[in-house]
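The values are calculated or read from the model by the stated rules, or taken from the named source; none is laboratory data. Not measured: the values here are computed from a predicted model. Here Cβ is always computed from backbone atoms with ideal geometry, including for glycine, and neighbour counts include all displayed protein chains.
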Amino acid sequence: MKTTFGEYIRLLRNENELTLTQLAAKLNLDSANLSKIENGKRDFDEKRLPILAEIFNLDLTEVRNEFVTDQIGKKIYETNCTKQLLQVAEEKAEYRKTLKEKVI
């Protein structure tokens, strides 16, 4: 999905006809913080992903994927990564998988 995680939350909230205050209460946040999250001024706390998934009756893996891809995209943007740098990062991720497999 081509949205930030905050935009994703706003989309879910609007589709489910919840106000900012209503969703914030369900997430144990104040509405000002949720507004900042939706507007990209603050990051969503990863620990709240299971609650978010439950509120909207979504698969936690799907919600986590949205969160993680947004975090990766943000880091790529902030560091102005080149395609070569991303390729090396992907190779390192694959290498980490082999290390994990050796431990098991």
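Between LYS75, LYS41, LYS36, the distinction of being without any contact (Cβ under 8 Å) to a residue 40 or more places away in the chain and part of a loop (DSSP other than H, G, I, E, B) belongs to LYS41 only.
Look at segment 15-33 and say how many of its residues are under 26 Å from ILE72 (Cβ atoms) and either outside any helix (DSSP H, G or I) or over 18 Å from the mean Cα position of the chain (by Cα) (or both). The number of residues fulfilling the criteria is 3.
Being among the small types (Gly, Ala, Ser) and surrounded by 15 or more Cβ atoms within 10 Å (Cβ to Cβ) is a property that does not hold for ALA32. Across segment 53-70, the qualifying residues are those that are touching a residue at least 12 places away in the same chain (Cβ under 8 Å) and in a helix (DSSP H, G or I), and the one among them that is surrounded by the fewest Cβ atoms within 10 Å (Cβ to Cβ) is ARG64. Scanning segment 22-63 for residues that are under 14 Å from GLY6 (Cα atoms) and of a type in the set (Ser, Thr, Tyr) returns SER31, SER35. Which ones in segment 1-20 are modelled with pLDDT of 95 or more and either of a type in the set (A, V, I, L, M) or surrounded by fewer than 14 Cβ atoms within 10 Å (Cβ to Cβ) (or both)? Scanning segment 1-20 gives ILE9, LEU11, LEU12, ASN14, GLU15, ASN16, GLU17, LEU18, THR19, LEU20.
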